[in-house]
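Please treat every number below as a calculation from the coordinates, not as lab data. Just so it is clear, the model here is predicted, and its values are computed rather than measured. Glycine gets a Cβ as well: all are built from the backbone with ideal geometry, and neighbour counts include every protein chain shown.
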Amino acid sequence: MIAAAAPRAHRGTIHVEEGLILQHTACEARQHILRIAAPRTARHATPGSFVHLRCDAALPMRRPLSIMRASAEAGWIEVLYKVVGVGTAALSRRRAGETLNLLGPIGQGFAVHPARPRLIAIGGGVGIPPMVFLAERTLSDTRAAWKPLVLMGSEIPFPFRTRPSHILVPAAPHEAIACMPLLDEWGVPSRLASNAGYAGCYHGHVTALAAHVLAALSADERAEVEIYACGPTPMLAATAALAREFALPCQVSLEEYMACAVGGCAGCAVEVRLGQGRAMKRVCIDGPVFEAQSVFSPAP
């Protein structure tokens, strides 16, 4: 008799739902924010997890989208996406009152550690949503006096109307005063970076802004820091290098193309360092969050 295989950790935690579109907001540069009633997904979502959406009944392949916010009480989730192809173009045409089939929540999210309450969350482009979710979750986490700082970078207009922050960030460059208003309302400081010359933004890459902030902290303050990041691969590699420079722990959420998103096809596998060796891990269910140096370790 063949012994039954041990159940995988993700089995029983990914739900299939017919989500009702509650709001669908168009932003600049073909970006959209979608709020979906999906109670089971909302109940189990964590910062860094994502959903796999069927954009249109005529399209067989789903699209993975990071969760930006989730309300377990109200039963909804929000995602941010940019129109880049046929699938997201079809999704952009969906309207409030329609339903979307989705799988979620999927993936291993970020882990926060009370010993390092000074979170520096770095989001680039469509990597911004998990950083917003992470910051929001610290507001209700009583294990520590969390001190999140969210740094966002974009070379196209941000998917929200920027304005000067009401929150002082002494470690930030004086010219970086623009923020995400929602975070400011929550009392969470945020700063923006871009090479596009947007008013109030740090001129340069968001990782350069993060380097400026870290360099301005005292040694005792840096001892409380952990870095979290999501965005394009070059940005994540730069973030990992920054973490090495300052000897800080760092978690990154990878962006990869996916087919099934539940671990069956292994099409999203990446090489990860484990101890003295290396192994292939699936971004969808083994990640998308990994320890930064396990993915972006320096060349020997």
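Among 294, 190, sorting on how many other beta-carbon atoms sit within 10 Å of each Cβ, with the fewest leading, yields 294, 190. In loop segments of region 104-188 as defined by DSSP, the trypsin sites (Lys or Arg not before Pro) with at most 15 further C-beta atoms inside 10 Å of their C-beta are 143, 161.
Each Lys and Arg Cβ is given +1 and each Asp and Glu Cβ -1; about its Cα centre, the chain then shows a dipole of about 580 debye. Here the label points at residue 175 and residue 71, each 7 Å from Cα along the C-beta direction, are separated by 3.9 nm in the simple model. The residue list 24, 240, 159 was ranked by how far each Cα lies along the charge dipole of the chain toward its positive end, using unit charges on Cβ atoms, and 24 comes out on top. For the chain, relative contact order (Cα pairs under 8 Å, six or more residues apart, normalised by length) works out to 16 percent. Spacing of the modelled spin labels on residue 82 and residue 139, each 7 Å from Cα toward Cβ, amounts to 2.6 nm.
Within the shell of other residues whose beta carbon sits under 14 angstrom from the beta carbon of residue 235, the net charge comes to -2, with Lys and Arg scored +1 and Asp and Glu -1. Overall dimensions of the chain, expressed as equivalent-ellipsoid semi-axes from the Cα gyration tensor (√(5λ), whole Å, largest first), are 30, 25, 18. Across region 15-106, the convex hull enclosing all Cα atoms gives 83 Å³ per residue. For the chain, there are no membrane-span-like helices by this rule, meaning no whole DSSP H stretch whose C-alpha atoms cover at least 20 Å of axis and whose Kyte-Doolittle mean is -0.5 or above; this says nothing about an actual membrane. For GluC sites (Glu not before Pro), the sites in region 65-144 that DSSP calls loop and that have at most 14 other Cβ atoms within 10 Å are 73, 98. The share of Cα pairs per 5 Å bin across region 158-299, counted from zero up to the longest distance, runs 2, 9, 16, 17, 18, 14, 11, 8, 4, 1 percent.
Contact order normalised by length for region 118-255, with contacts defined as Cα pairs under 8 Å and 6 or more residues apart; what percent is it?
On the way: 271 pairs, mean separation 37.0, N = 138.
Rounded, it is 27 percent for region 118-255.
Under the combined filter of DSSP loop state and at most 13 neighbouring Cβ atoms within 10 Å, region 22-110 retains these trypsin sites (Lys or Arg not before Pro): 93, 95.
Evaluate the charge dipole of region 118-255 about its Cα centre and quote only its size in Debye, nearest 20, assuming +1 on the Cβ of each Lys and Arg and -1 on the Cβ of each Asp and Glu.
Details: 9 positive and 12 negative charges, 13 e Å.
Dipole about the Cα centre, nearest 20: 60 debye.
Which order do 256, 18 fall in if you start with the one that has the fewest other Cβ atoms within 10 Å?
Working: 256 16, 18 12.
Arranged by neighbour count, lowest to highest, 256, 18 become 18, 256.
The label point for residue 113 and the one for residue 256, both projected 7 Å from the Cα toward the Cβ, are 2.4 nm apart.
Net length available on complete extension from residue 163 to residue 59 is 33.6 nm, with 0.36 nm assigned per residue and the Cα-Cα distance removed.
Of all beta bridges that DSSP places with both ends in region 118-255, some 10 percent have antiparallel geometry.
When only Cα pairs under 8 Å and 6 or more residues apart are kept, what is the percent relative contact order across region 257-300? Mind dumping the intermediate values first?
Numbers: 46 pairs, mean separation 14.2, N = 44.
Answer for region 257-300 is 32 percent.
Using the Cβ atoms and a cut-off under 14 Å, what net charge is assigned to the surroundings of residue 123, where Lys and Arg are +1 and Asp and Glu are -1? Walk me through the numbers before you get to the answer.
Values: positive: 69, 82, 191; negative: 136, 155, 255.
Summing Lys/Arg as +1 and Asp/Glu as -1 gives 0.
As a rough footprinting exposure proxy, the listed residues 160, 246, 50 were ranked by other beta carbons within 10 Å of their own, and the order from fewest upward is 246, 160, 50.
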